[in-house]
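Trainee: Below you'll find the structure I mean.
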């Protein structure tokens, strides 16, 4: 069941996605963390952030929309208050990093560089660059290249870049990230969406728009992983609507080395562990001796 993502050995290809697993310590009595591949922390910023006003989560027909606003305690508080406990849990920790300028992201990485127990960084490229009029890093290949290149230069651990799906060509963005030095890419983040209350004739989310996730986006996400896999040689981590072991297999066949599970954890807090166990059972039933052999099966 082991896979390797940018030199980081995972005991399973199933990872808990950022923003859906807290800081990890919240799940230690619910999930057997030694049975999942890894977990990604909530996005960490230079300073603490309170997030958006409520309501900021809306259920949809096949998933959910959210506009949490990247609420977090700040990178320094995370290192001081959460990392001591995380180091004792014996699981792979991936720190999600974000900022509204390149300098913000660099500073977060520099703080994390001095913290023991982190295996990899995941750089969230779906934030608006306030230095360039609010253009989202992940929707402009030149901005993305610049962000990744600067972060790769200061990072002393592997750097995985989380791509936005709100682009014309995901392959172009994946290639830009690879060319800038990314060690892996994760895709996809949520799709920009709008839900209207027909009685009040207003958005159901205080932030007006939100990010759509869940089973509704899975076929699109699988297609994007497949397109990215044809464009780059670095490992891909796929995410978007995974609820069954067969979904994990689908992403891997499309080209993913590993997957992340997010929205499913809202319905079942043990979803990540259950999927890891379910994938093992699926491999046994289908005589797959090494799960890594599934990666890129559709491409061959």
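What follows draws every value from the coordinates through simple rules; no lab data is involved. Computed from a predicted model, the values in this text were never measured in an experiment. No Cβ is skipped: glycine too gets one built from the backbone with ideal geometry, and neighbour counts run over all protein chains shown.
Trainee: Please find, in a Gaussian network model of the chain (springs between Cα atoms separated by less than 10 Å), the residue of 196, 118, 109 whose mean-square fluctuation is greatest.
Mentor: Result: 196 has the largest fluctuation of those listed.
Trainee: A further question on this structure: Checking the a/c ratio against 1.5 first, then a/b against b/c, what shape does the Cα gyration tensor give for the range 113-254?
Mentor: Working: a/c = 1.79, a/b = 1.29, b/c = 1.39.
It comes out oblate by the Cα gyration axes.
Trainee: Please check: in the Gaussian network model of the chain (C-alpha springs, under 10 Å), which one of 40, 14, 167 has the largest mean-square fluctuation.
Mentor: Among 40, 14, 167, the largest GNM mean-square fluctuation belongs to 167.
Trainee: Follow-up question, since we're still on this one. Could you tell me the center-to-center distance, by alpha carbons, between the range 124-150 and the range 176-235 in angstrom?
Mentor: So the two Cα centres are separated by 16 Å.
Trainee: Right, another one. Can you put 60, 243, 168 in order of Cβ neighbours within 10 angstrom, beginning with the fewest? Mind dumping the intermediate values first?
Mentor: Values: 60 16, 243 19, 168 8.
Taking fewest neighbouring Cβ atoms as first place, the list is 168, 60, 243.
Trainee: Still on this structure, please answer the following. Hey, what did the range 3-294 get for relative contact order, percent, Cα under 8 Å, at least 6 apart? Could you put the intermediate results ahead of the total?
Mentor: On the way: 667 pairs, mean separation 57.7, N = 292.
Averaging sequence separation for qualifying contacts and normalising by length gives 20 percent for the range 3-294.
Trainee: Another question, if that's okay. For a quick check: sort 145, 266 by the number of other beta carbons within 10 angstrom, fewest at the front. Intermediate results must be reported in sequence, preceding the final value.
Mentor: Values: 145 20, 266 16.
If I rank by nearby Cβ atoms, fewest first, I get 266, 145.
Trainee: For the range 138-190, what are the per-bin percents of Cα-Cα distances with bins 10 Å wide, up to the bin holding the maximum?
Mentor: Going from the shortest bin to the longest, the percentages are 29, 58, 13, 0.
Trainee: Picking from 265, 186, 131, which is most flexible by a Gaussian network model of the chain using Cα springs under 10 Å?
Mentor: Result for the chain, Cα springs under 10 Å: 131 fluctuates most.
Trainee: Still on this structure, I have one more. When the convex hull of the C-alpha atoms of the range 17-165 is computed, what volume per residue in Å³ does it have? Intermediate values should be presented prior to the final figure.
Mentor: On the way: hull volume 19.0 nm³, N = 149.
Convex hull volume per residue, Cα atoms: 127 Å³.
Trainee: For a quick check: sort 226, 121 by the number of other beta carbons within 10 angstrom, fewest at the front.
Mentor: On the way: 226 22, 121 26.
Fewest-to-most ranking of 226, 121: 226, 121.
Trainee: Would you calculate a helix-derived [θ] at 222 nm for the chain, using -39,500 (n - 2.57) for each DSSP H run of n ≥ 4 and dividing by the full residue count, to the nearest 500? Intermediate values should be presented prior to the final figure.
Mentor: Values: 9 runs with 88 residues, N = 300.
Using -39500 (n - 2.57) per qualifying helix, the result is -8500 deg cm²/dmol.
Trainee: Roughly what percent of Cα-Cα pairs across the chain reach past 29 Å?
Mentor: 29 percent
Trainee: If you don't mind, another one. Pairs of alpha-carbon atoms within less than 8 angstrom and 6+ residues apart define the contacts here; what relative contact order does the range 52-120 have, in percent?
Mentor: Details: 50 pairs, mean separation 19.1, N = 69.
For the range 52-120, the relative contact order is 28 percent.
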